[in-house]
Amino acid sequence: MRKIQKADEPASFTKYKQHNPTHQYKDLNDEIVRQDIRKKCTEEQYYLCAYCCKEISGTNMDTMNEHIQPRHHYPNLSMDFNNIVASCNQKGHCDNS
């Protein structure tokens, strides 16, 4: 695992949180915002999975938004961009194991 230098969160995510201040990540049904998060995380990780460093595209075909601190244990961090990374989701690997 490499150190990930987190950048600013996507503007769409900031706007979503401003309009929905009580929402948690599980409430985020806007696929465009989820894709913006996935894309931003993938770019800042140089298109590599945060865990295994396998190449990922940043699309939902092979990439998931993964919370470093689990959402069920840390619900207060579920909408914190600094707690979200891009992970590969192939069967039996990283986010899909």
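Rule-based calculations on the coordinates, nothing more; no lab input. Just so it is clear, the structure is predicted and the values come from calculations on it, not from any experiment. When we count neighbours, we look across all protein chains shown, and the Cβ atoms used for this are built from the backbone with ideal geometry, even at glycine.
Considering each residue of region 37-47 in turn, at least one proves to be β-branched (Val, Ile, Thr) and under 20 Å from residue 88 (Cα atoms).
For residue 4, the conditions (1) of a type in the set (Val, Ile, Thr); (2) surrounded by 13 or more Cβ atoms within 10 Å (Cβ to Cβ); (3) part of a helix (DSSP H, G or I) all hold with the exception of (3). Scanning region 22-50 for residues that are surrounded by fewer than 17 Cβ atoms within 10 Å (Cβ to Cβ) and among the aromatic types (Phe, Trp, Tyr) yields a count of 2.
Total residues in region 7-57 satisfying the condition of being touching an Asp or Glu at 6+ places or on another chain (Cβ under 9 Å), among the aliphatic types (A, V, I, L, M) and farther than 22 Å from residue 74 by Cα: the figure is 3.
Restricting attention to region 57-70, the residues that are in contact with a helix residue (DSSP H, G or I) (Cβ under 6 Å, 6 or more places away or on another chain) and either part of a loop (DSSP other than H, G, I, E, B) or farther than 21 Å from residue 30 by Cα (or both) add up to 3. Summed over region 15-39, the residues that are under 10 Å from residue 58 (Cα atoms) and touching a residue at least 40 places away in the same chain (Cβ under 8 Å) give a count of 2. For region 7-56, a residue qualifies if it is of a type in the set (Gly, Ala, Ser) and not in a helix (DSSP H, G or I), and the qualifying residues are 7, 50.
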